[in-house]
Amino acid sequence: MGTIGSGNHYVDIFLDEQDRVWVGVHFGSRGLGHKTATWFLRKAGAQDGVHAQPALLEADSQLGQEYIEAMELAGRYAYAGRDWVCARVAKILGAKITEEVHNHHNFAWREEHFGEQCWVVRKGATPAFPGQLGFVGGSMSEEAVILKGKESPTDEGAEEQRQALYSTVHGAGRVMSRSRAKGKVNRRTGEVSRAPEVTAEMLHASVARAGVVLRGAGVDESPHCYKRLPHVLREHAETVEIVHRLRPIGVAMAGPEIFDPFKD
């Protein structure tokens with residue numbers, strides 16, 4: 001509890017258009033959900049691989065009910081961790097929290113769509129029902145947003161919303177893999193098989209130009225590795241509206257030298 005992990009997880013400090021301070025965090029259940037899901041996948045006889053057939057559990061079976069309980073427990077733990085970290089940062093800042101926006105991704109919800117009850121699994125996506133708030137991060141040197149789902153003004157947009165099960169993005173998304181950014185080294189021989197495409201100098205120059213104070217982070221999390229969030233959100237303009245634009249002024253991430261014992 002109270003740790004954020006490595007990879008793309010972070011604690012950011014932002015200023016909005018009225019110079020109000022926001023604390024933005026991105027992390028989950030710190031491996032609990034991943035390990036739980038892995039255990040149930042094995043029980044279900046799942047095969048590994050991108051093109052493998054999905055393993056299914058009957059929701060009303062004992063194993064299915066146990067999975068739902070375990071998933072929801074991991075979700076509550078993730079919420080509690082984010083709450084703790086945000087409260088801790090607010091205490092460091094000597095500030096009082098006046099508004100909160102909290103949303104999951106990589107989770108399953110019981111919802112009604114197309115006239116029937118179903119389980120909606122949002123991998124890399126978050127719910128965005130009309131009126132529902134969400135936090136979407138960009139890169140460490142560019143703005144994030146607080147957005148809100150809205151009713152699309154066109155029939156085409158409304159149908160797109162229904163087909164997307166009222167979901168939206170949870171981040172800008174990558175344009176470069178971690179191995180491309182960092183390069184690749186043969187662990188046995190030590191030979192470099194692929195040179196890194198992003199250097200530490202490129203990373204620090206990018207955040208310096210944006211006026212961001214950075215703690216930690218590796219080149220695989222550099223802004224060069226990510227899409228531009230405004231371009232992504234333009235594609236969703238019919239289904240979400242931007243409530244606040246958040247400019248980062250401080251970013252804390254695990255550095256490449258940090259070992260995370262709970263990494264998924």
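Bear in mind these aren't lab numbers, they're just calculated from the coordinates by the rules spelled out. This structure is a prediction, so every number in the text was calculated from the model and none was measured. Backbone-built Cβ (ideal geometry, glycine too); neighbour counts: all protein chains shown.
Could you tell me, in Å, what Rg and Dmax come out for the Cα atoms of the stretch 182-250?
Rg, Dmax (Cα atoms, Å): 16.7, 52.
Average projected area of the Cα convex hull of the stretch 94-144, in nm²?
5.7 nm²
At a threshold of 8 angstrom on Cα-Cα distance, excluding pairs fewer than six apart, so keeping six or more, what relative contact order does the chain reach in percent?
Relative contact order of the chain: 25 percent.
Towards the positive end of the charge dipole of the chain, with charges on Cβ (+1 Lys, Arg; -1 Asp, Glu), say which of Thr239, Ala195, Gly7 has the farthest Cα.
Going by the Cα projections, it comes out as Ala195.
Mind pulling up the Rg/Rh value for the stretch 124-264? Radius of gyration and Kirkwood radius, both on Cα.
Radius of gyration relative to Kirkwood radius: 1.06.
Have a look at the stretch 55-125 and give its Rg and Dmax from the Cα atoms, expressed in angstrom.
16.5, 49
Averaging over all projection directions, find the projected area of the Cα convex hull of the stretch 122-168 and quote it in nm² with one decimal place.
Mean projected area for the stretch 122-168: 3.7 nm², to one decimal.
About the Cα centre, and with charges only on the beta carbon of Lys, Arg (+1) and Asp, Glu (-1), how big is the dipole of the stretch 48-141? Nearest 20 debye, please.
I would put it at about 680 debye.
Per DSSP helix of 4 or more residues, -39500 (n - 2.57); summed, then divided by the residues of the chain. What does that give at 222 nm, rounded to the nearest 500?
The per-residue figure over the chain is -9000 deg cm²/dmol.
With +1 on the Cβ of every Lys and Arg and -1 on the Cβ of every Asp and Glu, and nothing else charged, how large is the dipole of the stretch 151-211 about its Cα centre, in debye rounded to the nearest 20? Mind showing how you got there, number by number?
Details: 10 positive and 8 negative charges, 177 e Å.
Result for the stretch 151-211 is approximately 860 debye, rounded to the nearest 20.
Name the residues whose placed amide hydrogens come within less than 5 Å of the amide hydrogen of Val185, ignoring near sequence neighbours (fewer than 5 apart) on the same chain.
Close amide H contacts, sequence-distant or interchain: Ser193.
Post the alpha-carbon centroid distance, the stretch 1-77 to the stretch 125-163, in whole angstrom.
So the separation of the two Cα centres works out to 21 Å.
Provide the convex hull volume over Cα atoms per residue for the stretch 3-88, in Å³.
Enclosed volume per residue, from the Cα hull, is 139 Å³.
By a straight-distance test (C-alpha under 27 Å), which lysines pair with Lys43 as possible cross-link partners, with residues fewer than eight away in the same chain excluded?
Candidates past the 8-residue exclusion: Lys35, Lys123, Lys263.
With +1 on the Cβ of every Lys and Arg and -1 on the Cβ of every Asp and Glu, and nothing else charged, how large is the dipole of the chain about its Cα centre, in debye rounded to the nearest 20?
Computed charge dipole of the chain: roughly 1240 debye.
Which order do the peptides 40-52, 101-113, 150-162 take when ranked by the mean count of other beta-carbon atoms within 10 Å per residue, highest first? Kindly include the intermediate steps, with their values, before the conclusion.
On the way: 40-52: 10.4, 101-113: 15.2, 150-162: 13.4.
So the peptides 40-52, 101-113, 150-162, ranked by packing, come out 101-113, 150-162, 40-52.
Given contacts defined as C-alpha pairs under 8 Å and at least six residues apart, what's the relative contact order of the stretch 107-160, whole-number percent? Mind dumping the intermediate values first?
Working: 56 pairs, mean separation 12.5, N = 54.
The value is 23 percent.
Specify, per residue and in Å³, the volume enclosed by the convex hull of the alpha carbon atoms belonging to the chain.
Details: hull volume 43.1 nm³, N = 264.
Enclosed volume per residue, from the Cα hull, is 163 Å³.
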